[in-house]
Structures are given as structure tokens and as C-alpha cells.
Amino acid sequence: MSLFVTLEGPDGGGKSTQAKDLAAHLGSTGVDVLLTREPGGTPIGDQIRKVLMSLDNAGMLPQAEFLLFSASRAQLVHEVIRPHLKRGGVVVCDRFYDSSLAYQGYGHQLDLEVLRTITSFVTGGLKPDLTLLLDLPVEAGLGRRRETGHWNRLDDYNVDFHRRIRQGYLVMAEADRSRWVIVDATRPMDRVQADIRSIVAGRLA
Ligand code: TYD
């Protein structure tokens, strides 16, 4: 059975580790699972990722940011995600277009309708079946990023920006509870992973 799962949330919520653990677990139970991430996940996408993350590119406009994320996304959808779903596999994606709506839309306050229109053009209308929102307070998330040394250009915006992002995620999740599940990411990693596994198992059953 094909299933497209995305993990979303503010920075520092442990999404990447959770996505990896989930994919490893599914693989060990015989599921044909593919783990990928945004931005990146293809050779072209990985080059775009470097431009987006570089601390040298402080002058990048939110509009340019959005279009670069979208370009990376187009490659990922067409080269990787769609073919795997078509084969009946499960795709676990660490961030997808909801990150653009949260960061460039709610965070940078670009017009959400414009972003949605371009996103639908880029993805050909593909939507995740399940989106897990790893939610945690902004201060906790940014603190974790600093501690682990995983600081990038996009973390460098102010705290209000990150607050709008978290709020935006919660608004999107509330608006579509059939796709979104909110997971409390302030808890220990193994507890969060246990919840994630049981939610995904429910969808696969
Ligand atoms: P990454 O190092 O992958 O962070 P994380 O581990 O938190 O996922 O960096 C991705 C950054 O890019 C993160 O700050 C969120 C941001 N982002 C956007 O602003 N828009 C997008 O569309 C995507 C996919 C990511």
C-alpha cells in the first residue's frame, strides 16, 4: 500500500532523527520505504540546498528563497517521490511544501494564495497522505539547534519570525485534521518515536 508521510515543524524538534528512525523501523518490518528530505534529495536539489543554507547568502529575498525551495521540490517530486508511490511504496519525507507555507508564508508573510498556486504547479497536485507536526515552543527548538551546532542561515532570523512559523503550522494542522497529526516534541525522543510509529501503523493497517 502506498503512503506518503511528511514530517514538519519548527527547527530543533528532532524531525530528521525521527524521520530516519521511522524509515529504519518500517524497513525492518518489510515495508518498501524511501526516506528523503527537503530541500535536497536529488543531485540538483542538493546543489540548491547549498545555496539556500549558506551563511554567505544573507541578502537572499524570501521570494527567491521560496522559488529555490520550489525548484528543489519539483525535482524531488518527479524524480523520487512519485515513482516510489507509483510502485506502491511508502515515502517518508523530512519537510515538504508545508515548510514553505510555514516559513516563507507565515514567517516571511508572503501571500499564501500565491505560494499555494505555485506549489500546486510544482507538485502536480501531489499532497501528503499524513503529515506529522513535531510541535515544540520556539525557545526550546532554537536552544536545541544552538547546542547541537546545527545552525544555518535560516535559523538566523529573529524570534518573532520563528513564533509566526509555529503559529502557522498550528493553524494549518487545525484546518485539516484528517491529514495532520500534532505530536508533542518536547518529550524524550523515544516516546515521540513510539507515537509516530503507532500513528503510521494505523494508516498502513
Ligand atoms: P535543515 O538543516 O534541513 O533543518 P531541519 O533539520 O530543521 O529540517 O534546514 C532546513 C531549513 O530550511 C529549516 O530552517 C526550514 C527551512 N525551509 C524553509 O524555509 N522552506 C521550505 O520550503 C523548506 C523545505 C525548508
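The values are calculated or read from the model by the stated rules, or taken from the named source; none is laboratory data. Predicted model, so just to flag it, every value in this text is computed and none were measured. Neighbour counts run over all protein chains shown; Cβ positions are idealised from the backbone, glycine included. Protein only, heavy atoms only, side chains kept; ligands, DNA and RNA dropped before computing areas. Shrake-Rupley method; radii C 1.70, N 1.55, O 1.52, S 1.80 Å.
Here are a few things to note about the model shown:
- Using θ = phi - 60° and Karplus 6.51 cos²θ - 1.76 cosθ + 1.60, couplings along segment 15-22 (whole Hz; Gly, Pro as x): 4, 5, 5, 5, 5, 4, 4, 4
- Near residue 34, the amide H atoms lying under 5 Å from its own belong to 90, 91, 92; only residues 5 or more places off or on other chains count, and H is placed 1.01 Å from N.
- Cα centroid of segment 7-36 to Cα centroid of segment 190-205, whole Å: 11
- Estimated from helical segments only, the mean residue ellipticity of the chain at 222 nm is -16000 deg cm²/dmol, where each DSSP H run of four or more residues counts as -39500 (n - 2.57).
- Across the protein chains, with a 1.4 Å probe defining accessible surface, the residues 60, 189 rank 189, 60 from largest area downward.
- log10 of Debye I(q)/I(0), alpha-carbon scatterers only, for segment 3-204 at 0.08, 0.14, 0.16 Å⁻¹: -0.24, -0.80, -1.08
- Cβ-defined net charge surrounding residue 5, 9 Å radius [Lys, Arg +1; Asp, Glu -1]: 0
- Segment 171-185 - phi-based ³J(HN,Hα) in whole Hz, Karplus 6.51/-1.76/1.60, Gly and Pro as x: 5, 5, 5, 5, 6, 8, 6, 6, 9, 9, 10, 8, 10, 6, 8
- Close amide H pairs (under 5 Å, H built 1.01 Å from N) link residue 180 with 131, residues at least 5 positions away or on another chain.
- Residue 16 accessible area, 1.4 Å probe, all protein chains in place, Å² to nearest 10: 60
- Residue-wise HN-Hα couplings along segment 50-56, as the Karplus relation 6.51 cos²θ - 1.76 cosθ + 1.60 with θ = phi - 60° gives them from phi, are 4, 5, 5, 8, 5, 5, 6 Hz; Gly and Pro carry x.
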